[in-house]
Amino acid sequence: MTIFECRTCGHIEFGAAPEKCLVCRSPKTAFTENADAIQRPADPANLSEGDKKHIPVLKVTGCGLLAGCTDVHAIVGDIEHVMQPKHYILYMDFYLDHRFISRVWLAPEVCKPAASLHLAATSGTVTVIESCNVHGNWMAEIDL
Ligand SMILES: [Fe+2]
């Protein structure tokens, strides 16, 4: 799927650039097609320590707070990523069936490298892209 990246805020859209960035409202002209916007492990069958610190780990659970709610949890990563002032996870963007639904910003030192959403949707594929300020964007997907 074609990947478009907003040069203003780093937001990624799948398939086509939007009229306005759904995160920072920059115009369509701020988007560039960039097949390399998301990092990939060199060897998916043998993940490196760096891969394990960046690829989001996703879990879908029931919700204890809201009726008819499905929770999706994203953790970075299998080895917990640091949240230090000079090296941390900036944000996580969530998508349902490759349509953007939410960005969660994370502050270093205060936040853990994790975010969760409460979804009304009961089916579809959730994609999470996390952005490390040093090592770029990393992605994972899970079916509801
Ligand atoms: Fe990193």
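General remarks:
- Some residue of the range 96-106 being assigned by TED's automatic domain parsing to the domain that holds G50, outside any strand (DSSP E or B), closer than 17 Å to H135 by Cα and aromatic (F, W, Y): no
- T61, sole failed condition from (1) touching a residue at least 40 places away in the same chain (Cβ under 8 Å); (2) farther than 15 Å from C132 by Cα: (1)
- Residues of the range 1-43 satisfying the condition of being small (G, A, S) and under 17 Å from H98 (Cα atoms): G10, G15, A16, A17, A35, A37
- When the residues of the range 69-89 are filtered to those that are assigned to a strand (DSSP E or B) and touching a residue at least 60 places away in the same chain (Cβ under 8 Å), the one that is farthest from the ligand (Cβ to nearest atom) is T70.
- In the range 104-116, the count of residues that are modelled with pLDDT of 95 or more, within 12 Å of the ligand (Cβ to nearest atom) and among the aliphatic types (A, V, I, L, M) is zero.
- Within the range 107-144, the set of residues being in a strand (DSSP E or B) and under 11 Å from V76 (Cα atoms) comprises A114, A115, V128, I129, E130, S131, C132, W138, M139, A140.
- Every condition in (1) in contact with an Asp or Glu (Cβ under 6 Å, 6 or more places away or on another chain); (2) basic (K, R); (3) more than 16 Å from the ligand (Cβ to nearest atom) is met by K52 except one, and the failing one is (3).
- Flag for I101 being at pLDDT 95 or above, within 16 Å of the ligand (Cβ to nearest atom), closer than 24 Å to A16 by Cβ and among the hydrophobic types (A, V, I, L, M, F, W, C): no
The values are calculated or read from the model by the stated rules, or taken from the named source; none is laboratory data. Since the structure is predicted, the reported quantities are computational estimates derived from the model, not experimental observations. Counting neighbours? That spans all protein chains shown, and the Cβs are built from the backbone with ideal geometry, glycine included.
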